[in-house]
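Shown next, in structure tokens, is the structure this report addresses.
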Amino acid sequence: MSEKGCNCNCAQNREEQFKELSPVLEQYAKVPGSLITILQKTQDIYGYLSKDAINYISEVTGIKPAKIYGVATFYAQFRLKPIGKYLIMLCQGTACHVNGSEMIEEAVCEYLEIKDGETTKDGIFTLNNVACLGCCSLAPVMMVKSAEGDETYGSLTKDSVKKILTEIRERA
Ligand code: FES
């Protein structure tokens, strides 16, 4: 038994495992219509909605897991799988689209061998197509989110995006 407790799935252990989530659940668990907010905040904390997190939310809120999965799979914003160390948010908004974001997506997909929503085998990158990132003058744009912070890259070309991803991978 470790200092943090046993390895079983007892209530005490789950509370320890989800201690960052407790304040969220304290605030919203009994507020009707808060499930989406709870799921958004859970994803903000853990990067995705794990089976364990969904079961814990169900336990605390009394909402059945099937309903939580229903909501989590209905909305494209929710992820049920872990994301990579670097989350590529590739803009597909109007300005970026007009300036070749589809071609950039093709280059990223070909280079990383993944599709939108997928994570590379080495767990370094996840690709997500997103709506306008709010810096249309730099179109086509991508933002790369990680524990190091968010970085925005603009005026992308097929070559520049590959170069950026290579550099990130080398320092990962
Ligand atoms: S459309 Fe891409 S940043 Fe606005």
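The values are calculated or read from the model by the stated rules, or taken from the named source; none is laboratory data. Since the structure is predicted, the reported quantities are computational estimates derived from the model, not experimental observations. Neighbour counts run over all protein chains shown; Cβ positions are idealised from the backbone, glycine included.
Do we have Ala76 as out of contact with any Asp or Glu (no Cβ under 9 Å at 6 or more places or on another chain), part of a helix (DSSP H, G or I) and closer than 29 Å to Asp116 by Cβ here? Taking the combined requirement at face value, the residue does not satisfy it.
Out of all the residues in region 136-146, which are at pLDDT 95 or above and either surrounded by 16 or more Cβ atoms within 10 Å (Cβ to Cβ) or in contact with a His (Cβ under 7 Å, 6 or more places away or on another chain) (or both)? Listed by number, the residues that qualify are Cys136, Leu138, Ala139, Pro140, Val141, Met142, Met143, Val144. Among the residues of region 120-133, those that are away from the ligand (no atom under 15 Å from the Cβ) and either among the hydrophobic types (A, V, I, L, M, F, W, C) or closer than 19 Å to Tyr75 by Cα (or both) comprise Ile124, Phe125, Thr126, Leu127.
Hey, Leu21 hits all of (1) surrounded by 14 or more Cβ atoms within 10 Å (Cβ to Cβ); (2) within 30 Å of Asp159 (Cβ to Cβ) but one; which does it fall short on? Of everything listed in (1) surrounded by 14 or more Cβ atoms within 10 Å (Cβ to Cβ); (2) within 30 Å of Asp159 (Cβ to Cβ), Leu21 misses just condition (2).
Against the criterion of being of a type in the set (Lys, Arg) and closer than 16 Å to Arg14 by Cα, Lys51 qualifies. Among the residues of region 96-119, those identified as away from the ligand (no atom under 16 Å from the Cβ) and either more than 23 Å from Pro82 (Cβ to Cβ) or not basic (Lys, Arg) (or both) are Glu106, Ala107, Cys109, Glu110, Tyr111, Leu112, Glu113, Ile114, Gly117, Glu118, Thr119. Among the residues of region 140-161, those that are under 15 Å from Leu87 (Cα atoms) and either free of Cβ contacts under 8 Å to residues at least 40 places away in the same chain or not in a strand (DSSP E or B) (or both) comprise Val141, Ala147, Glu148, Gly149, Asp150, Glu151, Thr152, Tyr153, Val161.
Restricting attention to region 103-119, the residues being of a type in the set (Val, Ile, Thr) and modelled with pLDDT under 95 number 1. All of Thr157, Thr94, Thr126 fail the test of being among the polar types (S, T, N, Q) and either surrounded by 16 or more Cβ atoms within 10 Å (Cβ to Cβ) or under 21 Å from the mean Cα position of the chain (by Cα) (or both), apart from Thr126. Residues of region 98-115 that are assigned to a loop (DSSP other than H, G, I, E, B) and in contact with a helix residue (DSSP H, G or I) (Cβ under 7 Å, 6 or more places away or on another chain): Lys115 alone.
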